[in-house]
Amino acid sequence: LSFANPLGLLLLLSVPAIVLLHLFRQERRRQEVSSIYLWREISDQHSRRVRPRLLRNLNLLLQVIMATLASLALAQPVLQTDPAAGAEEIVILIDDSASMQTDSDGVPHMDLARNRAREIIGRAPRNARILLASAGPRPSVIETFTVDRTLLYERLRTLEATDGANNLRAALNLVRGLGADDETDVVLVTDGALSMPRNVALPRNLSTAVVGETSPARRDSSDAPADIAVGRANRAITSFELRSRPDGSAFEVLAAVANYASEAAEVVLELTADEEVISSRTLEVAAGEERIITATIPRTRGTVYAAELVGNEDALAVDDRAFAAASGDRPVRVQLVTAGNLFLESFLSVYPNVQLTTVESVDQTTAFDVLILDEVPAPARLRGNVVALGTALPDGPFTPGRTAELDRTITVRDAHPIVDGVRLDQVQVGEYIVGDLNPRASVLASAGEDPLLYTYRANDLTLVATTFPLTRSDIALRGSFPVLMHNILEWLAPVAPSGEVGYVEVGSVVPLYVPPGEEVVIVQPDGTPRRYTPRTSPFEFSRTEQIGVYQVRGESFAGRFAVSLANAQESNLSPRLQTAAGGAEATLLEETAGTPIWQWLALAALLFLAADWVVWARRH
Amino acid sequence: VATTLLDEEFLRKLEQLSLLARKIRSGVSRGENISIHRGASLEFSDYRLYQPGDDFRYLDWNIYSRLNRLFVKVFTAEENLTVHILVDTSRSMAFGNPTKLWYAGRLAAALGYLAVNNLDRVGVSAFADGIEHSLQPVRQTSHVFSIFDYIASLKPSGVTDFNRTLRDYSLRTKRPGLAILITDLLDPGGYTEGLRALLYRRFDIMLIQVMDEDELSPRFKGPFRLIDGETEDETELNVEPETVAEYQRRLGAFFGEIEEFCLSHDIEYLRTSNRIPFEDVVFSYLRRGVFVH
C-alpha cells in the first residue's frame, strides 16, 4: 500500500481532537426530572468511569472511524498488491535499456529494478515458476522458468543496463513465444521512460512495477516529474549519419542534437575522425527542440568518426556520443564454375567489388565467398554460399528426376528479396528438372507443383538454386536477369557493400563478412575480446550491447563496425508510461499506478457519517 | 386540572365508588371499627342483658319494671371524623403524563367525595414547602363542590419541604383526624419527621405516594444534563442501561424504607403510578375499610 498524497494523513490528527472533544465537551442534552437526588450519587460514581464510557460511546467510535477513513481516502492510497503475488507462473520482464542508467537520489534505476524484481520473487508463492527476461535493445531470456530463487537472484545480480533503446515489442513477443498464456502474470519492471508499442497483443495479466522518480510511491499527482531523472534533463545526439559524396572524396555528415529539458540549452558538438577533432560547434537548442547540423569530412581523414556533446552534464551520458565506422574494403570472392556463360561472366565482371574466378570444375582449395555452379556437376559436401543453376547438389535438398518441358504458367512467390523486381512469370522456360524438394526448402517460383527457383539453408550451406539451366530459358536475355543476380548476391550477403560508413543501433545484429572456418576476434569498445570460428559468411554478431567501435580481426582480414544509441525515443526521459492513453495501454497504466482505493474509503467514510447521524438522531 | 377533573366520566366513577362504599359499610359487623374519635351525641341502637360492670346509667328502668330483668341500652357512637386531605403541589408533581398533580387531584377529589358522603368533616390543603392555602374542614354535603373547585385550582409551584409542612400542619390543626397525604415524597430532606409530628397529634395517616411511570423506569439514554424540576440543580450523567439499573435499585431501596417506616408506625401506605386508574386505588382503600365507621 502506498499513498499518492501522504499529506492527507495529516487529517489523522483530527482523531485525538475528536476524542478530546468527546472527553471534555460531551454534548449533553437537558433532561428535567422531578428530583435528581437519587441520580446524583450515581452521577458521582459514574464520573470515575470516563474512559469505559467513551468506549461505549457509539458516536465517538463512528466519528473516529470516519475521520480515519477520510484521512486515508485523502491520502489517495494505492493498493500495490505485488502484481505477481499468487501467480503460478510469473514472467519478470526487466527494462535494461539505456535510460535505466539514470538514477534517483544517486541510486541507479537498474539497482532499483533489481531490488524490485527481488521483492517480486520474494513475495511470489514458493511453488511459482518464475522466468526472468530483459526488455532492452535485444530482449532475451535471462533465466527460464524455475522455482530456484537462488538462481534467479544470481541472474539478477549480473544484469546490467545496456547502452541501447528498449524493444518492448520484441520483449512482449518473446514472452508470448515462451508460452506465457493468459494465466501467466507478466510484470514489466521499468523506470517508466517508455511507451507501449501499438498493435501488440498484450498479455492479459500484464502489469508494471515502475521504479525511480515516477514510481507510484514517489509520484505526486499534483507535481508529476517531467522526466524520470528529476532535475537533470537530458540532451542527446539523436542522429549521426555519414554519406559519401558521389565522387567519393568526402563524407557529408548529418548530426541531430535534441534538448529534452524544459529550458533552452547551449551545447558544444564536436566531430572527430580517428580521434582528431575536425569540427567543434556551439549550438543553442531550444527546449524540446532538435537541432540538425551538417558538415563535410574528407574521406581520407580516417575510418572511425564520432560526434560528441562536450562537457554535457546531464542525466544520461550514453547518448552524448555517436560513432560511425567504415567497414573493410575486402571484395566478394566469387568462383564461377561454368563451361562458358557470357551473361554470367559479363554481369559478374562489372558488378562492383567482386573478385571473379572462373573455373570449369569446383576448386575447393581456393577460398570463395560465393560459388556459382552453372550447369556443372556439383561435388558432394559443398559448404558456404552456393548458387546452383540447372544442377542439383548430390547431398542437397533437391533429388532430380526426369526432364520435362514447361507447359504451364510460372507462379512466383511474393515478397521475397530474391524475386523483388524480377518478372519471372514472363520468362520462357523450355526444359526443367522434375524432382523431389526437401520441405524445408523455400520455393520462390514454381510451375504447378514443380519448383523452378528455391532457397535452402542447412547448417553450413546457403543455397539458391534453379531447376532449369539458364541456357534452356530466355531469362538471361531479359532485364530481370541482372536484377535477379543482384538480389541473389545481396541475399547471400557475403560481404558488406563497399565504401559504406555508418553504425548500427545497440542490440542490432551485425553481419560480419569473414571467411568461414577462420577464427575471428571481435574486440568490444571496452577492450574485451570475443573469439569465434564462424562456419558461414556472413557471421551474425549480436553482442552489440555497448556503444563505440568494435574491431574485427582475422588472419586474412581486418575490419570494424560502430554501434551507437542515437535513439530519440530512448533519450527522451519523460515518463510516457503515465501520460500515454488509449487502448490496451490504459489497462496497463491502471496496473502501473496500482489499484486506487480512495473511492471505497471515501464511500465507507460517508457510510460511517450517515451511521453517526442516525445514532445521534435516535438519541435525540 | 380544572378542565378535566370534573368531567362526566369522573363523576360517574365517583358515584360508583360511593355505592361501593355503602355496600362495604353494610357488610361490616356492628360494633367493629368504632372510631376512637367519639362525637358528643349518642344514637340508640339495641338492648342487651346487663353484665356486671356495665354502666348503671344505661340501665333501662322501664323495662326492668315491666319484665323484672336488667337490660342496658346499647348506643352507636356517632363518628365525628375530620378528614384532612393534603395534596403535594410542589413542582416535582408537575411531571408525568398525566401529571402527578392531576392524578393526585383526582384521588383527592374522589376520597373527599366519599368522605363527604360519609358525613365526615373534610378539609383540603395544598402544600409544598409549607401549607399554601387550605379549605377548612366542613361537614356539609354541598361542601363537595368547594372541594372540587379547590382541587381544580391547584397549580404546581415551590419546593417540597415535607417535614416542615406536616409539623406546621399538626400544630395548627385543632381537630386531628384522618390525614390523607398525596405526594411523591421526593424530598431530599426526608419525610419521617413530618409523619411523626402528625402521629404525635394522634392523626390517622393514609400516605399515598404518586409516581410517574418514567420515574419508575426511565426511558432516556445517553449523555444528559439532569435538571432538578424543583431546585433546578444539575448533574451530568451518561444514562446507560447499567445506570438505569442502579437508579432503580436505589429507588427500590427508597420505597423499602418508606414501607418499613409506615408499617412500624401504623400508617396506611399505598404507592401508585399515574398510569394506574385512580378508581382502582380508591377501591383498594375502600377494601381496607377506610371511611367505614
Completion exercise
Quick note on A:ILE18, A:ILE130, ordering by fewest other C-beta atoms within 10 Å, gives A:ILE18, A:ILE130
Practice task
Net charge near A:ALA388: determine it from the other residues with C-beta under 10 Å of the C-beta of A:ALA388, scoring Lys and Arg +1 and Asp and Glu -1.
Solution key: -2
Handout entry: Using alpha-carbon coordinates, inclination of helix A:480-492 to the longest axis of chain A, degrees
Key = 60 degrees
Handout entry: Order of B:MET93, A:MET110 under a 10 Å beta carbon neighbour criterion, fewest first
Key = A:MET110, B:MET93
Problem - Separation between Cα centres of the range B:122-152 and the range A:430-449, rounded to whole Å - result: 138 Å
Problem - Degrees, to the nearest 10: A:37-46 long Cα axis against longest axis of chain A - result: 40 degrees
Practice task
May I ask you to evaluate 6.51 cos²θ - 1.76 cosθ + 1.60, the Karplus curve with θ = phi - 60°, for each residue of the range A:57-62 and list the ³J(HN,Hα) values in order in whole Hz, giving x for glycine and proline?
Solution key: 7, 5, 4, 4, 4, 5
Practice task
Return the distance in nm (one decimal) between the two label points of a simple spin-label model at A:ASP460 and B:ARG139, each offset 7 Å from Cα along Cα→Cβ.
Solution key: 15.5 nm
Practice task
Grab the Cα-Cα distance for A:VAL107 and A:ALA380, subtract it from 0.36 nm times how many residues apart they are, and report the gain in nm with one decimal.
Solution key: 92.2 nm
Handout entry: Per-residue mean of C-beta atoms belonging to partner chains within 10 Å, peptide B:95-101
Key = 1
Practice task
Take every DSSP beta bridge whose two residues both sit in the range B:154-293, then give the antiparallel share in percent to the nearest 5.
Solution key: 35 percent
Practice task
Calculate how large, on average over all directions, the projected area of the Cα convex hull of the protein assembly as shown is; give the answer in nm² to one decimal.
Solution key: 70.2 nm²
Problem - Nearest-0.05 FRET efficiency for A:ARG618 and B:LEU70, computed from C-beta distance (R0 60 Å) - result: 0.10
Completion exercise
Nearest 10, in degrees from 0 to 90: the angle of helix A:14-24 to the longest Cα principal axis of chain A is 10 degrees
Exercise for the section: Place the peptides A:253-260, B:143-150, A:509-516, B:108-115 in order of packing, highest mean first, counting for every residue the other Cβ atoms within 10 Å and averaging per peptide. Expected result: B:108-115, A:253-260, A:509-516, B:143-150
Practice task
Return the sequence-ordered ³J(HN,Hα) values of the range A:430-447 in whole Hz as given by the Karplus equation 6.51 cos²θ - 1.76 cosθ + 1.60 applied to θ = phi - 60°, using x for Gly and Pro.
Solution key: x, 10, 8, 9, 8, x, 9, 10, 4, x, 6, 6, 10, 7, 9, 8, 8, 10
Completion exercise
Counting other chain Cβ atoms within 10 Å of each Cβ in B:227-236 and taking the mean gives 5
Handout entry: For A:THR462, distant residues with modelled amide H under 5 Å away
Key = A:GLY384, A:ASN385, A:VAL386
Exercise for the section: Ignore the peptide's own chain and count Cβ atoms of other chains within 10 Å of each Cβ in B:245-257; give me the average, rounded. Expected result: 2
Exercise for the section: Quick one: what are the phi-derived ³J(HN,Hα) couplings along the range A:452-460, Karplus 6.51/-1.76/1.60 with θ = phi - 60°, whole Hz, x for glycine and proline? Expected result: 10, 9, 8, 10, 7, 10, 10, 4, 10
Practice task
Amide H neighbours of A:LEU202 under 5 Å, at least 5 residues apart or on other chains, H built in the peptide plane: list them.
Solution key: none
Practice task
Could you list which residues have their amide H under 5 Å from that of B:LEU207, counting only those 5 or more apart in sequence or on another chain, with H placed in the peptide plane?
Solution key: B:LEU181, B:GLU268, B:TYR269, B:LEU270
Fill in the blank from the handout: The simple spin-label model distance between A:THR366 and A:SER279, using points 7 Å out along Cα→Cβ, in nm, is 4.4 nm
Problem - Whole-Å distance, taken between Cα centres, linking the range A:268-324 and the range A:399-424 - result: 50 Å
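The numbers here are math on the coordinates, done by the rules we state, and not lab data. Quick caveat, the model's predicted, so the values are computed rather than measured. Here the Cβ is made from the backbone with ideal geometry for all residues, glycine too, and neighbour counts use every protein chain on show.
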